[in-house]
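Engineer: Sending over a structure as structure tokens; questions will come in a sec.
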Amino acid sequence: MSVDFYSPSELLKQAIQKHQTMLKIIAGVFIVLGFYALLAPTTFALGIEKILGWTLFIAAVASFAHAFFMRQWRGFTYDVVSGLIFALIAFILLTNPLSGVISLGLIMAIIFGVDGAIKLIRLFTGKLTGSYRTMVAVSAILSLAIALLMLWDLPKAAPIFLSVIVGVNLIINGFGLLALVRAYR
């Protein structure tokens, strides 16, 4: 009885080669959706907002179901409260999509602002050297600039920024998958 041992990289190569067609299809979908996000930012942002709203609605139903079936559990109150919060946010997002997009834009602006502030703190308190220090500085400045731009023109900028961020990410991930498939041919 013989056993074949493969290194993790060999197993990865085999998996990528076996599923390269599906990976190419997924990459294509990512790239198309990314360009759609860039070309139709408001429509795309509203779509993201609807998906988030329905996801939170499903989370609310799941929380209520868990609370109902596990009434004796000490976390019953937690499940009911989290279900109510999920349901409330889902209701707001699904009944007033534009406010949901603006809220998501505000959240993104806050995330970028906090990210930039943390990087600045690391820059001045950490032991960063060389090109890494430069990249952290550039990243901090860009994060803070994006946050300020979003806050400066928030109602109008929200769908555009959301779509650009998600769209560019999808395009990069799509081309990254194609590069992965090409690397393991």
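Laboratory data are not the source of any read-out in this text; all were calculated from the coordinates shown. Source: prediction; values computed, not measured. Don't worry about glycine lacking a Cβ; one is built from the backbone with ideal geometry, like all the others, and counts go over all protein chains shown.
Engineer: Largest first and in whole Å, give the semi-axes of the range 51-92's equivalent ellipsoid, each being the square root of 5 times a Cα gyration tensor eigenvalue.
Structural biologist: Rounded to whole Å, the semi-axes are 20, 9, 5.
Engineer: May I ask you to evaluate 6.51 cos²θ - 1.76 cosθ + 1.60, the Karplus curve with θ = phi - 60°, for each residue of the range 101-111 and list the ³J(HN,Hα) values in order in whole Hz, giving x for glycine and proline?
Structural biologist: Rounded to whole hertz, the list is 5, 5, 4, 4, x, 5, 4, 4, 4, 5, 4.
Engineer: Something else: Give me the distance in nm between label points sitting 7 Å out from Cα along the Cα-to-Cβ direction at Thr95 and Ala40, one decimal.
Structural biologist: Label-label distance for Thr95 and Ala40, simple model: 2.8 nm.
Engineer: Per the Kirkwood definition applied to all pairs of different Cα atoms, how many angstroms is the hydrodynamic radius of the range 15-109?
Structural biologist: 15.8
Engineer: Please work out the FRET efficiency for the pair Glu10 and Ile165, using the Cβ-Cβ distance as r and a Förster radius of 30 Å; give the result to the nearest 0.05.
Structural biologist: Step by step, r from the Cβ atoms, then E = 0.25.
Engineer: While we're looking at this one, here's another question. What is the magnitude of the charge dipole of the range 81-185 about its Cα centre, with +1 placed on the Cβ of each Lys and Arg, -1 on the Cβ of each Asp and Glu, and no other charges, expressed in debye to the nearest 20?
Structural biologist: Taking the Cα centre of the range 81-185 as origin, the dipole is about 460 debye.
Engineer: Once you've got the GNM for the chain with C-alpha springs shorter than 10 Å, pick whichever of Lys50, Lys13, Lys119 has the biggest mean-square fluctuation.
Structural biologist: Per the Cα network of the chain with a 10 Å cutoff, Lys13 tops the list.
Engineer: So how strong a dipole does the range 1-84 carry about its Cα centre when Lys and Arg Cβ are +1 and Asp and Glu Cβ are -1, to the nearest 20 debye?
Structural biologist: The calculated dipole for the range 1-84 is roughly 100 debye.
Engineer: Per residue Cα convex hull volume for the range 26-81, in cubic angstrom?
Structural biologist: 95
Engineer: Normalised by the number of residues in the range 16-183, what is the relative contact order in percent for Cα pairs under 8 Å and 6+ residues apart?
Structural biologist: For the range 16-183, the relative contact order is 40 percent.
Engineer: Can you give the calculated 222 nm mean residue ellipticity of the chain, where each DSSP H run of n ≥ 4 adds -39,500 (n - 2.57) and the sum is split over every residue, rounded to the nearest 500 deg cm²/dmol?
Structural biologist: So the helix-based figure for the chain works out to -30500 deg cm²/dmol.
Engineer: Here's a follow-up. Radius of gyration and Dmax for the range 16-183's Cα atoms, expressed in Å?
Structural biologist: Here Rg and the maximum Cα pair distance are 20.3, 58 Å.
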